[in-house]
């Protein structure tokens, strides 16, 4: 009889662990409120809805601000921001520091309602490199072209 009790208790533990895992997984996809002091981000979902002058778009300002927050958290190289290009829910942000420089890829997360950093590295990105991080090929080409390459 003890074997059945031990098996039952182990089964309950496994079910509890699975339930906690499911709850945490579902929670990570839920919408997170915008932190106090931050303004909501307006994003243009497609290139056809971008204003005539994308350099002044709200999306570019918001993408720059998102990357700046990441840089401000740890900025030993005195990083300054360069050109920001936005296309199809993605942004390419040029940056340079006292020693290094490069570009960062950001993606607008509709669930969170804000821009998130995908990757930042030294050097410049080509369309194939951007595509390797999930940027659609046409969007990657538009981002690279926007940087003048």
- Task: Would you calculate the separation in nanometres between label points at residue 18 and residue 138, each defined as 7 Å from the Cα along the Cα-to-beta-carbon direction?
- Result: 4.3
- Per residue and in Å³, how big is the convex hull formed by the alpha-carbon atoms of segment 95-144? 79
- Note on the structure: Expressed to two decimals, segment 47-146 has a Cα Rg over Rh, using the Kirkwood radius, of 0.94
- Task: Based on other C-beta atoms within 10 Å, arrange 137, 70, 103 from fewest to most.
- Result: 137, 70, 103
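Here, each number is a calculation from the coordinates, and none is a lab measurement. Because the structure is predicted, anything quoted here is derived from the model rather than measured. When we count neighbours, we look across all protein chains shown, and the Cβ atoms used for this are built from the backbone with ideal geometry, even at glycine.
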